[in-house]
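These notes are about the structure you will find just below.
The values are calculated or read from the model by the stated rules, or taken from the named source; none is laboratory data. What you see is a predicted model, and the numbers here were worked out from it, not measured in a lab. When we count neighbours, we look across all protein chains shown, and the Cβ atoms used for this are built from the backbone with ideal geometry, even at glycine. Note: accessible area is taken over every heavy atom of the protein model, side chains too, but ligands, DNA and RNA are not part of it. Shrake-Rupley method; radii C 1.70, N 1.55, O 1.52, S 1.80 Å.
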Amino acid sequence: IGTDIHVYGIKVYNVASNSTNFWKAYHSVSSVSELFYFIINYISALIYDKYGLSLFLQMFIQSTLVFLGMKRYISNAPLWLTILIYQMLFYNLTLNLMRQGIAIAFIFWSFKYLERQKVIYFCICAFLSFFFHKTGLIASTILLMIYWALQNKEWLQKIFLFTAICISIVCVHYFTLTIKLLSHINPLFSHFLAYAEGTDFYANVSTMDIL
């Protein structure tokens with residue numbers, strides 16, 4: 001279905017299903033799995049001894065969060081149609097980017113708190129999304145910055161937009177350097193070096209490809 005299933009998906013599930021000590025098992029795969037993702041695999045292994053149940057639970061959680069988010073935000077199109085388009089566009093992809101998919105879906109659902117100006121609740125959700133995948137924290141930070149910019153004057157919004165575009169271009173163009181700097185700041189980012197330095201897809205993507 002996707003490379004990540006073989007990179008960490010089945011590995012995490014096998015560790016969870018064969019574990020006798022939860023924390024010891026989690027720490028053995030903590031380099032490729034956040035806590036909440038491991039818990040999903042651990043629970044599915046207790047219920048049923050096939051990896052398919054873990055995939056089902058992951059997609060169920062993700063699809064439910066997206067459904068609840070769309071139900072709130074989309075009013076000028078049929079809900080069934082928006083869900084169908086989402087599934088056709090992203091279902092296969094999220095079976096590859098499993099942890100990221102759940103984290104982003106969680107952020108998408110929790111955006112309602114920013115809409116209601118309940119920033120603290122949104123920050124709590126952002127913190128929780130981190131335990132599915134680290135990108136949840138990055139996505140929520142970007143949303144918070146956009147939210148802050150929209151609360152200010154128009155000239156400040158333009159400065160923010162210009163700065164964000166420039167930073168994005170620089171980070172993409174110097175992807176390897178960016179990841180190295182982040183890994184020096186926090187070792188949690190060090191395993192992303194494989195994407196930046198190896199023969200992975202992202203190592204061969206140019207700035208113009210991204211744009």
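Overview of values
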{"read-out": "Length gained when the stretch Asn18-Ile165 is fully extended (0.36 nm per residue, less Cα-Cα span)", "value": "48.3 nm"}
{"read-out": "Cβ crowding within 10 Å averaged over residues, with 45-58, 7-20, 78-91, 129-142 ranked highest first", "value": "129-142, 7-20, 45-58, 78-91"}
{"read-out": "Quarter of Cα convex hull surface for segment 7-118, i.e. mean projection, nm²", "value": "8.2 nm²"}
{"read-out": "Cα-centred dipole magnitude for segment 65-160, charges only on beta-carbon of K, R (+1) and D, E (-1), debye, nearest 20", "value": "140 debye"}
{"read-out": "Spacing of the two label points (7 Å from each Cα toward its C-beta) at Ile124 and Tyr73, in nm", "value": "2.2 nm"}
{"read-out": "Accessible solvent surface per residue of segment 5-119, calculated while the other protein chains remain in place, 1.4 angstrom probe, Å²", "value": "56 Å²"}
{"read-out": "Among 97-103, 35-41, the order from most to least packed when residues are scored by Cβ within 10 Å on average", "value": "97-103, 35-41"}
{"read-out": "Solvent-accessible ranking of Lys180, Lys112, largest area first, probe 1.4 Å", "value": "Lys180, Lys112"}
{"read-out": "Accessible area in the full protein assembly, largest first, 1.4 Å probe, for Trp23, Trp109", "value": "Trp23, Trp109"}
{"read-out": "Segment 1-41 and segment 124-138: distance between their alpha carbon centers, rounded to Å", "value": "18 Å"}
{"read-out": "Alpha carbon Rg of segment 1-56, scaled by the compact-globule rule 2.2 N^0.38 Å", "value": "1.00"}
